[in-house]
1. Could you tell me whether any residue of region 324-341 is outside the structural domain of Asp57 (by TED's automatic domain parsing) and either more than 29 Å from Asp290 (Cβ to Cβ) or among the aromatic types (Phe, Trp, Tyr) (or both)?
2. Return a yes/no flag: does region 166-174 have any residue that is touching a Cys at 6+ places or on another chain (Cβ under 9 Å) and under 16 Å from Glu397 (Cβ atoms).
3. So, in region 121-141, of the ones that are surrounded by 18 or more Cβ atoms within 10 Å (Cβ to Cβ) and among the charged types (D, E, K, R), which residue ends up nearest to Thr510 (Cα to Cα)?
4. Just one of (1) at pLDDT below 90; (2) of a type outside the set (A, V, I, L, M, F, W, C); (3) within 17 Å of Ala40 (Cα to Cα) trips up Asp103, so point out which.
5. State the number of residues belonging to region 263-285 that are part of a helix (DSSP H, G or I) and either among the basic types (Lys, Arg) or over 25 Å from Ile345 (Cβ atoms) (or both).
6. Among the listed residues Ile456, Ile427, identify the single one that is of a type in the set (Val, Ile, Thr) and either farther than 12 Å from Ala139 by Cα or not in a helix (DSSP H, G or I) (or both).
7. Assigned to a loop (DSSP other than H, G, I, E, B), in the same structural domain as Gly135 (by TED's automatic domain parsing), surrounded by 20 or more Cβ atoms within 10 Å (Cβ to Cβ) and not aromatic (Phe, Trp, Tyr) - does that describe any residue in region 430-445?
8. Those residues that are among the hydroxyl-bearing types (Ser, Thr, Tyr) and not in a helix (DSSP H, G or I), I need them from region 93-129; list them, please.
Amino acid sequence: MAGRGMAGRGKAIAIPAIILKEGTQRTVGAEARRTNILAARVLAEMLSTSLGPRGMDKLLVDSFGSATITGDGATILKEMDIQHPVAKMLVEVAKAQDEEVGDGTTSVVVLAGELLKNAEELLLENIHPTIIMEGYKKALEYSLKVIDEIGIKVDPLDREVLRQVAETALASKVVSEYKSMLANLAVEAILHIAQKLPDGTYKVDLDDVKVEKKKGESIDQTTLVKGIVLDKEVVHPGMPKRVENAKIALLNCPLEIEKPEWSAKIRVSSPDQLKAFLDQEAEVLKKMVDKIASIGANVLITQKGIDDLAQHFLAKNGILAVRRVKKSDVEKIAKATGAKVVTSIEDLKPEDLGEAKLVEERKVGEDKMVFIEGCPNPRAVTILVRGGAEHIVDEVERAIHDALCVSRNIIREPKIVAGGGAPEFEIARRLREFASSLGSKEQLAVLKYADALESIPTILARNAGMEPVDVIVELRTRHDRGELWAGVDVLNGRIDDMMKLKVLEPTIVTKQKLKSATEAAEMILRIDDIIAAAPPKERGKEKEEVPPEY
């Protein structure tokens, strides 16, 4: 007994505590931060060559082989099949920037990458991530104050300012040679849909601008239509192709005989019975069309289908009909024409009809499109985009989206700064003065934030084939002299006053850029542990493959 007791009091057997599932990978501490920062930096470096009017474009080919050519940061990131979770977070940041202000998507990722690269240098000097984050936070607050201070107030409806801001946004696109024309279209569309509110401010809803693409012709054939364009054709050849002083009925129901939900059989013993049955169907459809005609409608637009026989009755009544129109388009037509969307033909009343001076089917390229023009509420316009190839039309659409967004931003917050890296350099200069008032370690973080901001003009210069060191030295001299808007004129390869060159950006874009990049950098710095679950095993891998002939 004694011997056994002694053995029990001997060395304890270590039992491993398995917390994570088999196959889970875990990276901790400095190694986790290093991995995350590396992923963000690789993504930022990839995008940095696309920054500015002299930036390069990317050719992205998806798994199906379809190609996209673009220099738009948000599009590049969206089309890339990114796997790393931290890189995916930066994709989300670019997407948020695009949705919020529509511009600055490349800059925000490049800036976040630079902030993390500079933070890594401080981490190697054993400065705690919390101190770096505090410094970055203070630097951001100070930067936003500087932007408010140096931003120049403008008239929100000043056509010339809006055009210059739109041109600046378009300068870095594939279609930059058409920037003047596209900027004019975007500004015209925005001024058309802007609504003055009782408090004196303006409201702009970008949903009121429909961008319709149609391959063919060239980019300079892109036009602004003061109305709605539908990529549909009139359903029946016997219908009128042009209706003036249109009374438009909008339906969200089919002009068809509804099939019963359960399966049903009809037994007929003579041709007369079958004829009576078909006549009954025709009568129901005729009643539907008569109802539409009786309230004075001469144009019918429905989200659902129209039976062949109903098409015939509509044509006999001289009603122009379009079917299977998208819900978003129906809503736009309702807004433009004052029509109500009706879900039951029985409920259709004369007051539900919308009005337009002209509804016409026109041939655009190889296809036919329906134009609805001269609407009582002009706050619905369509930009009809043309281009020689599919990817050109897509890129024009992306460029117009950015131009519309920046014009909208000016109306939302009528303040501008110059481009060309001038505001970033001025903020960096003032941050260096501000840093001297802080504690030692936070001061280092603020200085690193200033360095990251200076990377924007550096990359612009590098992309234009200029010598970055010379550019930084000259910019520093000019800004110390008080030249607030000295920036990189990439088109002429020199340092110049960007305000005089009319390279303008809305302050709201610059602010959002700094906020998003700083928040992304802070979020990534906060991570000190990566726990990645094992990927699911593919089914059928373990099964032996059988040759096809067997």
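1. Going through region 324-341, the residues outside the structural domain of Asp57 (by TED's automatic domain parsing) turn out to be 324-341.
Now drop any that are not either more than 29 Å from Asp290 (Cβ to Cβ) or among the aromatic types (Phe, Trp, Tyr) (or both), which leaves 328.
Yes, some residue in region 324-341 is outside the structural domain of Asp57 (by TED's automatic domain parsing) and either more than 29 Å from Asp290 (Cβ to Cβ) or among the aromatic types (Phe, Trp, Tyr) (or both).
2. Filtering region 166-174 down to residues touching a Cys at 6+ places or on another chain (Cβ under 9 Å) leaves 169.
From what's left, under 16 Å from Glu397 (Cβ atoms): 169.
Among the residues of region 166-174, at least one is touching a Cys at 6+ places or on another chain (Cβ under 9 Å) and under 16 Å from Glu397 (Cβ atoms), which makes the answer yes.
3. Top of the filtered list is Lys138.
4. (3)
5. Narrowing region 263-285 to residues part of a helix (DSSP H, G or I): 271-285.
Still in the running and either among the basic types (Lys, Arg) or over 25 Å from Ile345 (Cβ atoms) (or both): 271-275.
Residues in region 263-285 being part of a helix (DSSP H, G or I) and either among the basic types (Lys, Arg) or over 25 Å from Ile345 (Cβ atoms) (or both): 5 in total.
6. Values: Ile427 fails: either farther than 12 Å from Ala139 by Cα or not in a helix (DSSP H, G or I) (or both).
Answer to the check: Ile456.
7. So in region 430-445, the residues assigned to a loop (DSSP other than H, G, I, E, B) come out as 436-439.
Filter again for in the same structural domain as Gly135 (by TED's automatic domain parsing), leaving 436-439.
Imposing the further condition that a residue be surrounded by 20 or more Cβ atoms within 10 Å (Cβ to Cβ) reduces the set to none.
For region 430-445, residues assigned to a loop (DSSP other than H, G, I, E, B), in the same structural domain as Gly135 (by TED's automatic domain parsing), surrounded by 20 or more Cβ atoms within 10 Å (Cβ to Cβ) and not aromatic (Phe, Trp, Tyr): absent.
8. As a first pass, look at region 93-129 and keep what is among the hydroxyl-bearing types (Ser, Thr, Tyr): 105-107.
None - no residue of region 93-129 is among the hydroxyl-bearing types (Ser, Thr, Tyr) and not in a helix (DSSP H, G or I), so the list stays empty.
The values are calculated or read from the model by the stated rules, or taken from the named source; none is laboratory data. Note that the structure is predicted; figures quoted are calculated from it, not measured. All Cβ positions, even for glycine, are placed from backbone atoms using ideal geometry, and neighbour counts span all protein chains on display.
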